[in-house]
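The values are calculated or read from the model by the stated rules, or taken from the named source; none is laboratory data. A quick note: this is a predicted structure, and the numbers were derived from the prediction, not measured. Neighbour counts run over all protein chains shown; Cβ positions are idealised from the backbone, glycine included.
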Amino acid sequence: METAIQVKDASFFYNKTEGEAPIRVFEHLDLTIEQGTFVVILGHNGCGKSTLAKHFNAILLPNLGEVMVYGMDTRDENEMIPVRKTVGMVFQNPDNQIVANVVEEDVAFALENLGVPPKEIRERVDAALKAVGMYDYRKHAPHLLSGGQKQRVAIAGVLAMRPKCVVLDEPTAMLDPVGRNEVVSTIHELNEKFGVTVVLITHHMREATEADRVVVMNDGKIIADDTPKKVFSQVELLRDVGLTVPETTDLLYELNERGWNLPLDALSVEECARAIYQEAANA
């Protein structure tokens, strides 16, 4: 399997002011993300997950170590544009990424700046809007859209660049449940239907349960890295660093505290109900 992103012994520090010691965000970090996978990075605010995400398309560069993107070193100035074409970023607030007054013009904006031929721009814009379910809104004004729709337009703008990987930094944090579901559904389709590597930064546990892999960060370090079932079974570890677990896992854990013997890896409601039913039947 092709390696999409490889972080090798990377360290990053923010320099505060002259004369003061730099602030460590992460140090000696190693992480490999394979092409076509869906990886979620979890952690409380300030743990370093968003800073790490910005290294994946060279918005930030490591002070020590290296970050390789499909074999390209992000520190190489000659590779900066290819890296950013290969890895697209979607941020928390879609209003910060939308720049035009018409949806299709916004999606076309970056392509026009790169000098892509008009016919190809039309094809890419239409394909990207169809991929996120926003083609019927192509003539609409972005400011009239809902939060979830705006975020899908922002994702379409990234998709039009035809990246191999999309990194989404808390893309649902400002959305209501309806908008959150719209965006999460779109993210899954990008991965499953189009084979795009997805790296999702989030603090919503439910969004992480359907990923291929969950990486948990705390204080600039990776403290867990495995399948969702295995990571969320480590309830005490997650609680110790201020994180919650999915509601189903929390229920199973509390029942076990009262003497039940239930598997903590039953993440879906159906799996949870089945586990409780079977345990009750065997009691």
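Annotations
- Given (1) in contact with a helix residue (DSSP H, G or I) (Cβ under 8 Å, 6 or more places away or on another chain); (2) hydrophobic (A, V, I, L, M, F, W, C); (3) more than 27 Å from residue 45 (Cβ to Cβ), index of the condition residue 167 fails: (3)
- Considering 99, 116, the condition of being at pLDDT below 95 and over 23 Å from the mean Cα position of the chain (by Cα) is satisfied by 116 alone.
- Selection within the stretch 211-224: residues that are touching a strand residue (DSSP E or B) at 6+ places or on another chain (Cβ under 8 Å) and surrounded by fewer than 17 Cβ atoms within 10 Å (Cβ to Cβ). The member of this set that is nearest to residue 162 (Cα to Cα) is 212.
- Here the strands (runs of 3 or more DSSP E) wholly within the stretch 1-62 that include at least 3 residues being of a type outside the set (Val, Ile, Thr) and touching a residue at least 24 places away in the same chain (Cβ under 8 Å) are 3-14, 23-34.
- Every pair of residues 6+ apart whose Cβ atoms lie under 7 Å, when the first sits in the stretch 70-90 and is among the basic types (Lys, Arg) while the second is assigned to a strand (DSSP E or B) and at pLDDT 95 or above: 75/66
- Within the stretch 91-100, considering residues that are of a type outside the set (Phe, Trp, Tyr) and in contact (Cβ under 8 Å) with a residue 24 or more places away in the chain, the one surrounded by the most Cβ atoms within 10 Å (Cβ to Cβ): 94
- Selection of the stretch 264-283 for residues being exposed (fewer than 15 other Cβ atoms within 10 Å of the Cβ), assigned to a loop (DSSP other than H, G, I, E, B) and modelled with pLDDT of 90 or more yields only 268.
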